[in-house]
Each structure stands twice: as structure tokens, then as C-alpha cells.
Amino acid sequence: MKTRNDMLPIAVYRGQGALGNSWVFALVLSVLLVSAGMADAAKVVVEAEHHYTITPSMAKAASQVASGNAYIHIPLQRPHGTTEGAPSDNGYALFKVKIPQSGTYNLWGRAHWYDGCGNSFFLKIDDKPQMVFGNDGSYQHWHWVRGLRIYLAEGVHTIRFQNREDGAKLDQFLLTTDTRYVPVRAEKETKQYVIMPE
């Protein structure tokens, strides 16, 4: 676990003492963040194309506007689905990531939704219950979508994005313990935390 010591500025006061002698009062306050229960925030960033395994109909595709020039998606069907019924298959992308420190993490995904019936995936972490990721109303452009908040112990975990609606795309996802952090643009992948097949 990384920690840091933050030193506040030194305050120096100069004046005259009772005997006319100059005196210097210096106050140095060093705050150990770890002793206050705070540590450097952990962040894990994964390119969606760096999956451990992938099964149809989840697929990898190329794009010059995606981070790393690639993304994963559930290909748009013709006719496109118009309801949120059961998906046509259980295609998914499975990721293995190393969590650097135990803590409660926010998950974010950089997604591109086709429309209101192509704006979500199923998400499953380890053996936790499956949940829906997405369902926001921002379509036809890459944007960050906030997902679940979950406690993860230090070590290796599996994250699975699974087919729910056709037309849904995923460029990156990230996990961070910083509750105030809101990603805006594509992030640099933390390759040291991404496990790839040999």
C-alpha cells in the first residue's frame, strides 16, 4: 500500500522579545495521511480490447476515435432490438485485473451507446450477482458511465461484461478508490495491473 507524507508550509514569525532580543518562532506541522486513515488513491485502467477471453457475439473492432484504436461491442443487429428482452446469446468479454490495494472502488466505463435499446451490458465481478451497467441516456458518442461501487481485496479479480443489448460498445473501464474522481477523456492504461493470456 502506498502512503505519502504531506508537509504543510513552514510559518515563521519574527518579533522582539521582552529583553529586546530578536526571536524566531517556527511552526512545522507534518501530517501523515496514513495515520489519518488516508492513502494514495488506487486506480486501475483497462483497455477493453485487452480482455483475457472473449466469446461471440461480443467482438473486437477497430476505430480511430477509440483509445488504443480498438474497442469491444455487441454488433448492431438488423433489425435492431426495440425492447429490453433477453439477449440473443451470452457473449461476453472476461478481464483479469490485479487490485493493488484493498478498498472500496468506483467502476467507470467509457462507452458508446446506439440508442435507448442499445445502451447497456450485464456486468459481473468475481462471484458477485450479475447487474446492469449503463442505461443512461447519452447516445452516439464516447462518454464515461458510472457503474457500481464495490469493495475489492488486494489481488486478482475477474470482471465480465456480457451481452444485454446490441449496439453497445466499450472502449475502457477503470476502478478507483477516489470517490471524487470523475474521468473526462480517455485514460492511460495501467498495464501492470492487467493480466493477459500467455
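Couple of notes before you dig in:
- Residues whose amide H comes within less than 5 Å of that of residue 147, counting only those at least five positions distant or on another chain, are 107, 108, 109 (H built at 1.01 Å from N in the peptide plane).
- Cβ-based exposure ranking for 49, 189, 84, 165, in which fewest neighbours within 10 Å come first: 84, 189, 49, 165
- Most positive-pole-ward Cα, 104, 119, 94, against dipole of segment 43-195 from beta carbon charges: 104
- The distance between label points at residue 115 and residue 154 comes to 4.9 nm (points 7 Å beyond Cα on the Cα→Cβ vector).
- Stokes-Einstein D for segment 43-195, Kirkwood Rh over Cα pairs, 37 °C, 0.692 mPa s (µm²/s): 214 µm²/s
The numbers here are math on the coordinates, done by the rules we state, and not lab data. This is a predicted model, so every value here is computed, not measured. So basically every Cβ, Gly included, is an ideal-geometry build from the backbone, and we count neighbours across all protein chains shown.
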